[in-house]
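Reading through the C-alpha cells given below for one structure.
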Amino acid sequence: MTRVRAFGPGRVNLIGEHTDYNEGLCLPFAIDRGITVTASDGPQGRAEVVAHDLGERDAFDLAAPAPATGWRAFARGIAAELGPPLRGAVLEVSGTLPQGAGLSSSAALEVALALALLGHSGREEPDRRELARLCSRVENEWVGAQTGLLDQLASLFGAQDGAIRIDMRDLAITPVPLELGDWRLVTVDSGVQHELAAGSGYDERRAECERACELLGIPALRDVREEDVARLPEPLDRRARHVLEEDARVDAAVGALERRDLAELGALLDASHASLRDLYDASVPEVERTVERMKAGGAAGARMMGGGFGGSVLALLPPGATVPDDAVPVAPGPPARLL
Ligand code: GLA
C-alpha cells in the first residue's frame, strides 16, 4: 500500500496586487494554513476524490478525465495536465483555508493535488516554475478562472521565514526578510465571497489591461510609462496608473522590510488599498467597512488582498494593538511539500 500526503499552503500577498498578469512585481508569502491531499491506492486507472470539508465525492478515469464544474474540475484538470503514468488513487482532500477569502485556496488545492498524485505514482517532481504553470493552466482551462501565476508561485516557493519578491516577467524569485518583531499581520474576512470566474470583475480588469496594451503597442502594462498613462482613455488610464505605481510600491516595501521600517510598510499597504479602490475599482462596500474598522482599531495599514471584489483584508497591527476577534493571524510558513 502506497500512501502519500501533500500539503499546499495558502498565501498572503503583502503588496503587488493585480500586477501578476501584467508581468509586474508581487511580494507574497506562503502561510501556515493550506490544503492537505492524501493519496492512497485505488482502483487501477481511476481516481476517486473525497472532499471531506464539503462532504462530497468524485470519480473519473485517469487516462481521460472529463471536464466538470466546481471543485471537481481541480483533480480532473491536474490529472489530465500531469498525464500518464498515474497510479489509480483515492485522493482525500481536507483543509484549513476558507474558500473565496483571498487566501488562495484554489492554488493550494492544485499544488497539493499535483504533489500527491506525482508522489503516489513514484514520479519526480518537475521544475517548480513548470509546476506552477501547469497548475495555472488547470485554473484557466479546467476551472475557468483567468488568474495569473502569483498564487501558485507563492505556494510552491514560499520561504520559511520570509516573503518573496517575484518578478512576473522572468519569474525571478528573491527572498525578502519579514521580521515583524512585536508587530502582527492578520487577515479579516469581509464576508463577501469573491468570484474570479468568467464574467467577473477580475476578468473585466484583465481585458481592460490587455486593451490598454493594444492601444499603447506594448507587450504588458509592466512597460507602461508615466507619459503613456495620459494617452489612454478613461478608465484604462486609471488601470495603467495602478499597475505603474503598484510595481513601485513593491520595491518600496522590499526596502522598508530590509530597513525594518514597519510603519512605512503600513503606509504602503494603505496606498495600495487606495489605488485598488480608486484607480482599479476593485473594492466593494463590505471590504471598505472592514478596512475602516481595522484602521479605526489602530492598524498601521490595511488593504484588500487578492483578486478583490470581496475576500479578505490584510492588516498590519503595531505592538499593543488589539487583535479583533474575527482576525486570523498569518505568519510565513514553508512551501508546498510532501509531508
Ligand atoms: C487573484 C489571482 C492572482 C492575482 C490576484 C491579484 O489572487 O489568483 O493571480 O491576479 O488575484 O493580484
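The values are calculated or read from the model by the stated rules, or taken from the named source; none is laboratory data. Values in this document were obtained by computation on a predicted structure and should not be read as measured data. Note that we place each Cβ from the backbone using ideal geometry, even for glycine, and neighbour counts take in every protein chain shown. Ligands, DNA and RNA are stripped out before the accessible areas are found, and what is left, the full protein with its side chains, is counted by its heavy atoms. Shrake-Rupley method; radii C 1.70, N 1.55, O 1.52, S 1.80 Å.
A 1.4 Å probe, protein heavy atoms only, puts the accessible area of Thr322 near 110 Å². Between Ala207 and Thr69, what is the FRET efficiency for a Förster distance of 30 Å, r being their Cβ-Cβ separation, to the nearest 0.05? The pair Ala207/Thr69 has a calculated efficiency of 0.85. Taking amide hydrogens as placed 1.01 Å from N in the peptide plane, the amide H of Asp53 sits under 5 Å from those of Gly95, each at least 5 positions away in sequence or on another chain. Of the two radii for the range 2-93, the radius of gyration is 1.06 times the Kirkwood radius, both from the alpha carbons; that is the Rg over Rh value.
When peptides 106-114, 263-271 are sorted by average Cβ neighbour count within 10 Å, with the highest value leading, the order is 106-114, 263-271. Think of a 1.4 Å ball rolled over the protein heavy atoms: the chain then has 39 Å² of accessible area per residue.
In the complete set of protein chains, residue-level accessible area for Arg206 is approximately 50 Å², probe 1.4 angstrom. Backbone phi angles across the range 136-145, fed through the Karplus curve with coefficients 6.51, -1.76 and 1.60 (θ = phi - 60°), yield HN-Hα couplings of 5, 4, 4, 5, 6, 9, 9, 8, x, 10 Hz in residue order; Gly and Pro are listed as x. Of the trypsin sites (Lys or Arg not before Pro) in the range 77-160, the ones in a loop by DSSP (not H, G, I, E or B) with at most 15 other beta carbons within 10 Å are Arg123. Between Asp170 and Val323, the modelled label-to-label distance comes to 3.9 nm, taking each label 7 Å out from Cα in the direction of the beta carbon.
Within the range 30-113, DSSP assigns beta bridges of which about 70% are antiparallel (rounded to the nearest 5). Only Cα pairs under 8 Å and 6+ residues apart enter the sum, and on that basis the relative contact order of the chain stands at 25 percent. Take Asp251: with every protein chain present and a 1.4 Å probe, its accessible area is about 70 Å².
What you get for the chain, charging only the Cβ of Lys and Arg (+1) and of Asp and Glu (-1), is a dipole of about 740 debye around the Cα centre. Using the Karplus relation 6.51 cos²θ - 1.76 cosθ + 1.60 with θ = phi - 60°, the per-residue 3J(HN,Hα) values for the range 283-300 come to 9, 9, x, 5, 5, 4, 5, 5, 4, 4, 5, 5, 5, 5, x, x, 4, 6 Hz, with x marking Gly and Pro. In the range 112-256, Rg over Rh equals 1.00, where Rg is the alpha-carbon radius of gyration and Rh the Kirkwood radius from pairwise Cα distances. Note on the chain: Kirkwood hydrodynamic radius from all Cα pairs is 20.2 Å, rounded to one decimal.
For GluC sites (Glu not before Pro), the sites in the range 179-231 that DSSP calls loop and that have at most 11 other Cβ atoms within 10 Å are Glu179. Over the range 208-339, Cα pairs under 8 Å with separation of 6+ residues give a relative contact order of 15 percent.
Taking amide H as placed 1.01 Å from N in the peptide plane, Asp41 has its amide H under 5 Å from the amide H of Thr2, Val90, each at least 5 places away in sequence or on another chain. Here the Karplus relation 6.51 cos²θ - 1.76 cosθ + 1.60, evaluated at θ = phi - 60°, turns the backbone of the range 227-243 into coupling constants of 5, 5, 4, 5, 7, 8, x, 5, x, 5, 4, 6, 4, 5, 4, 4, 5 Hz, with x for every Gly and Pro.
Remind me, relative contact order of the range 40-199 in percent, using alpha carbon pairs under 8 angstrom and six or more residues apart?
Values: 226 pairs, mean separation 32.4, N = 160.
In percent, rounded to a whole number, it is 20.
For the range 240-270, the set of trypsin sites (Lys or Arg not before Pro) satisfying both a DSSP loop assignment and a count of at most 16 other C-beta atoms within 10 Å is given as Arg259, Arg260.
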